[in-house]
Amino acid sequence: MTRDGLDRFDLSILDMLQANNRLPHSAIADKIGLSTPSVQRRISKLEENGVIRANIALIEPAYVGNPVTAVIESRLTEDRSIVMDRAKRYFRNVDEIQQCYFVNGGVSFIIIMIARDLQHFERLVRQHFADNQDILTYRTLIVLDPVKTGMRVPLFDLND
């Protein structure tokens, strides 16, 4: 489903769910002027079409013992598809990696990773970057202040 397939009701539903995905369907229905079953059907369709990727709780890492956040830039040894695909599979399976982006511009991946402390972070860096045969170079940046985090997508009126 592309943006073209979404109407103002879908966008309103998505906007409300991004703020609070536990909002009762009846409350959404009241706010946008649809019936509760209609809202339920629309949400189901948005999920089926992949517009809504997941319904999750966002946990503050520091509260559960992972106060260190780092941004890591890494470059692959080769730009061959087999190496790229292997690295993507590998990084998808590292629990401490919260986000991983395959990018261009002289860097292969930008990674957001969490750790319990600096010693744990060093072990993770050694394991997943220094000792990884597919990584040519990497640079780590420790986050001092997470000024803005989140995954909220700005939604604009269809008339914009």
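Values computed for the structure shown
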read-out: Condition met for Asp95 (exposed (fewer than 13 other Cβ atoms within 10 Å of the Cβ) and either among the aromatic types (Phe, Trp, Tyr) or modelled with pLDDT of 95 or more (or both)); value: yes
read-out: Within the stretch 5-58, considering residues that are outside any helix (DSSP H, G or I), crowded, with 16+ Cβ neighbours inside 10 Å and in contact (Cβ under 8 Å) with a residue 40 or more places away in the chain, the one nearest to the chain's Cα centre (by Cα); value: Val51
read-out: Where Arg75 falls short, out of the listed (1) out of contact with any Gly (no Cβ under 8 Å at 6 or more places or on another chain); (2) surrounded by 14 or more Cβ atoms within 10 Å (Cβ to Cβ); (3) outside any loop (DSSP other than H, G, I, E, B); value: (1)
read-out: Residue in the stretch 119-126 that is within 12 Å of Thr69 (Cα to Cα), at pLDDT 95 or above and among the β-branched types (Val, Ile, Thr) present; value: no
read-out: Condition met for Ser12 (closer than 18 Å to Asn132 by Cα and either outside the structural domain of Ala130 (by TED's automatic domain parsing) or in contact with a Lys or Arg (Cβ under 6 Å, 6 or more places away or on another chain) (or both)); value: no
read-out: Candidate set from the stretch 59-77 (those that are without any contact (Cβ under 8 Å) to a residue 24 or more places away in the chain and not aliphatic (A, V, I, L, M)); member that is farthest from Gln119 (Cα to Cα); value: Glu60
read-out: Matching residues, the stretch 40-52, being charged (D, E, K, R) and in contact with a helix residue (DSSP H, G or I) (Cβ under 9 Å, 6 or more places away or on another chain); value: Arg42, Lys45
read-out: Matching residues in the stretch 85-109 - criterion: being in a helix (DSSP H, G or I) and under 15 Å from Tyr138 (Cα atoms); value: Ala87, Phe91
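The values are calculated or read from the model by the stated rules, or taken from the named source; none is laboratory data. Treat the numbers as computed from the prediction; the structure is a model and nothing was measured. We place every Cβ from the backbone using ideal geometry, glycine too, and count neighbours over all the protein chains shown.
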